[in-house]
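Here, each number is a calculation from the coordinates, and none is a lab measurement. Just so we're clear, the structure is a prediction, and the values are computed from it rather than from any experiment. Every residue, glycine among them, receives a Cβ derived from its backbone with ideal geometry; neighbour counts consider all protein chains shown.
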Amino acid sequence: MKAIVKTSRARGADYRDMEVPVINKDELLIRVTAASISPGDLCVYNWTAPSFTPPSLPFIFGQDFCGEVVETGSLAKGFEKGDFISVESHIFCGVCGQCRNDQRHICQNLRVIGRDIPGGLAEYAAVPARCAWKHTDDTLKDIGAVMGPFGSSVHAVLAEDIVGKTVVISGCAPQGLFAAGIAKAGGARKIIALDPSLYRRRLALKMGAGIALDPSAKDCLHKIAKVCGAEGADAVVEMSGAAGAVELCLKALRPGGRFVAFGLPLTNLSIDYAGDIVRRGIRLEGISGREIFRSWYKMESLLKSGAVNPRPAVTHAFSFKNFRKAFDLINSREKKCGKVILTP
Ligand SMILES: [Zn+2]
């Protein structure tokens with residue numbers, strides 16, 4: 001089969017022939033129909049994640065994908081050939097304290113498909129059956145490869161009631177774009193999107209943000225206060241991880257507001273912990289991944305009811321063969337893209 005693989009511990013990847021995976025008893029063999037490029041994939045491609053070490057080279061990456069079941073292991077109950085599935089990339093152990101307390105997404109023994117075992121940037125992939133989400137009809141087939149990231153945004157935005165609240169969404173890469181639509185469906189009173197890219201600010205407005213601002217503009221904080229009131233926003237969903245954005249968002253939040261920490265900074269941040277968090281009673285919540293599978297049920301409902309349409313945020317599709325064009329587009333300074341899909 002053809003696959004996009006890391007062949008060296010350096011920037012880039014290759015498109016080459018690989019063996020079709022042999023599945024374990026608890027796994028499904030998936031004929032991949034589409035994969036979306038995740039921030040994790042980008043780190044692997046750019047080689048900017050020093051903590052990532054492929055188990056062996058060449059290594060197939062790709063964390064978010066969907067496809068058709070073509071083979072089932074003897075212990076992979078509940079699935080059959082022809083089922084269409086989206087992949088939950090987090091492999092949970094099922095027996096640790098977190099798993100037993102419905103926090104499988106932060107399992108103590110977490111492994112990630114496309115990071116710890118081969119991923120979905122290939123014609124075929126082996127997936128543990130417990131990480132497969134079976135579609136019951138064809139309505140979400142076209143967005144099957146973005147359900148993982150969409151679910152993370154569902155988790156981040158709806159971890160707490162946002163009805164009637166003012167919400168700042170910081171960073172309008174795909175996660176933030178999805179978040180804008182989810183915040184609208186969740187009943188937020190005002191949604192303010194922040195991103196330096198004009199292209200992405202326009203997409204955020206299309207997705208449901210009421211106003212989109214450039215966080216690097218000097219009067220950004222002032223403009224947020226004009227929309228939310230002088231006390232500040234009720235909630236911030238910080239998805240960029242950019243140091244300046246984190247600082248700005250902490251100041252944009254009202255005392256007692258909720259700060260959702262989702263974006264991953266490249267280096268440790270220096271923040272006014274006492275002044276901006278402790279003394280203002282800010283509630284800080286780290287969000288990593290989706291609740292397995294609670295977020296999936298929520299997103300299925302949001303998507304099938306039409307409450308959120310993620311499709312405007314999915315802006316480009318390339319064939320596997322043209323994968324370099326896809327990564328170049330996401331890496332470009334202008335960021336003239338939302339979610340980018342790759343298909344075999
Ligand atoms: Zn566990």
> Okay, which of segment 217-244 sit inside 15 Å, backbone N to the point 7 Å along the Cα-Cβ direction of Leu198?
Replying inline: 217
> Local charge sum around Ser86 (other residues, Cβ-Cβ under 12 Å, Lys/Arg +1, Asp/Glu -1)?
Replying inline: -3
>> So if the hydrodynamic radius of the chain is defined as the Kirkwood radius over C-alpha pairs, what does Stokes-Einstein give as its diffusion coefficient at 20 °C and 1.002 mPa s, in µm² per second?
In response: 104
>> Per 0.36 nm of contour for each residue apart, how much would the distance between Thr136 and Thr48 grow if the chain were fully extended, relative to their Cα-Cα spacing?
In response: 27.9 nm
> By a straight-distance test (C-alpha under 14 Å), which aspartates and glutamates pair with Lys81 as possible cross-link partners, with residues fewer than eight away in the same chain excluded?
Replying inline: Glu27, Glu68, Glu71
>> Distance between the C-alpha centers of segment 223-275 and segment 48-102? Whole Å please.
In response: 33
> By how many nm would the segment from Lys25 to Ser216 grow when fully extended, if each residue of separation counts as 0.36 nm and the alpha-carbon distance is taken off?
Replying inline: 63.6 nm
> Taking the highest mean first, how do the peptides 204-216, 307-319, 161-173, 264-276 order by number of other beta carbon atoms within 10 angstrom per residue?
Replying inline: 161-173, 204-216, 307-319, 264-276
> Rounded to the nearest 20 Debye, what is the dipole magnitude of the chain about its Cα centre when Lys and Arg each give +1 and Asp and Glu each give -1 at the C-beta?
Replying inline: 780
>> Test of understanding: in a Gaussian network model of the chain with alpha carbons linked when under 10 Å, which of His155, His135, His90 would top the mean-square fluctuation ranking?
In response: His135
> Based on DSSP H runs of at least 4 residues, each adding -39500 (n - 2.57), what is the mean residue ellipticity at 222 nm of the chain after dividing by all its residues, to the nearest 500 deg cm²/dmol?
Replying inline: -7000 deg cm²/dmol
> Can you list the lysines whose alpha carbon sits under 16 Å from that of Lys321, skipping same-chain ones fewer than 8 residues off?
Replying inline: Lys2, Lys6
>> Distance between the C-alpha centers of segment 300-315 and segment 129-153? Whole Å please.
In response: 11
>> On a full-extension model of 0.36 nm per residue, what is the gain between Val95 and Lys226, subtracting their alpha-carbon distance, rounded to one decimal in nm?
In response: 42.2 nm
